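Okay, structure first, notes after.
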Amino acid sequence: MEVSSATNLALLVLRAATGLTLAAHGWNKFFSGGRLSGTGRWFDSIGMRPGRLNAWLAAGTEVGAGVLLAAGLVTPVSAGGVIGVMVVAGWTVHRSNGFFILKEGWEYVFVLAVAALAVATLGPGEWSLDQALGITDDLAGWSGFWLALILGVGGAILQLAAFWRPSSVEVGD
């Protein structure tokens, strides 16, 4: 499906902003502040155990899915990675703080997940690696929407079931 250059530009901007923002968060976990060991200790403290493994999973998914989404490669799959990480973050860290990010609420993770889902639904546009490889038309529309949503939410549920072990104090929040 041929789309206008303005639409292609808008999709590129949305993919790049969403994907590279998430990739920067993963990069930060790897190389800044407390790095993976500090992130792992924090993950342990919020109930994502073992923390170090979950730090690797989060940082790797953020960098990988973020870069793939920005490039427009296997777009619904990369969008699913973005959605999955954001659902886990929203559930474990942000849900009890209300909506607004100013109080550590779930606004930010929600917007990144919805942006990724929108890109998966619309497709990455003609200025993408999916287009260059000829796989855009097969993975856009309803199939892109459902693939990204099921991979993201399903992956998040599986990760939470496998690793989220909050203490009794955290459960009461």
### Task
Could you pull out every residue, at least 5 positions away or on a different chain, whose amide H is within less than 5 Å of the one on residue 48? Hs are placed 1.01 Å off N in the peptide plane, and Pro or chain starts have none.
165
### Size of region 86-134 as Cα extents on the principal axes (Å, biggest first)
43, 17, 13
### Environment charge at residue 114 (Cβ cut-off 15 Å; Lys +1, Arg +1, Asp -1, Glu -1)
0
### Task
Kindly provide the chymotrypsin sites (Phe, Trp or Tyr not before Pro) of region 18-116 that DSSP labels as loop, not H, G, I, E or B, and whose Cβ sees at most 16 other Cβ atoms within 10 Å.
99, 100
### Query
Dividing the alpha-carbon radius of gyration of region 2-70 by 2.2 N^0.38 Å (N being the number of residues), what value is obtained?
1.40
### For residue 29, net neighbour charge (Lys/Arg +1, Asp/Glu -1) across residues whose Cβ lies under 15 Å away
+1
### Other-chain or far-sequence residues with amide H under 5 Å of residue 74's (modelled H)
130
### Overall Cα dimensions of the chain - principal axes, largest extent first, Å
54, 30, 30
### Ordering of 80-89, 66-75 by packing [mean C-beta count within 10 Å, highest first]
80-89, 66-75
### Task
Please give the length that would be gained between residue 41 and residue 133 if that part of the chain were fully extended, namely 0.36 nm times their separation in residues minus their C-alpha to C-alpha distance (nm, one decimal).
29.0 nm
### Query
If you plug each phi of region 6-16 into the Karplus form 6.51 cos²θ - 1.76 cosθ + 1.60 with θ = phi - 60°, what whole-Hz ³J(HN,Hα) values come out, in order, with x for Gly and Pro?
5, 5, 4, 5, 4, 5, 4, 5, 5, 4, 5
### Query
If you place +1 on the Cβ of every Lys and Arg and -1 on the Cβ of every Asp and Glu, how big does the dipole about the Cα centre of the chain come out, in debye to the nearest 20?
700 debye
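We did not get these values from a lab; they are worked out from the coordinates using the rules stated. What you see is a predicted model, and the numbers here were worked out from it, not measured in a lab. Note that each Cβ is placed from the backbone with ideal geometry, even for glycine, and that neighbours are counted across all protein chains shown.
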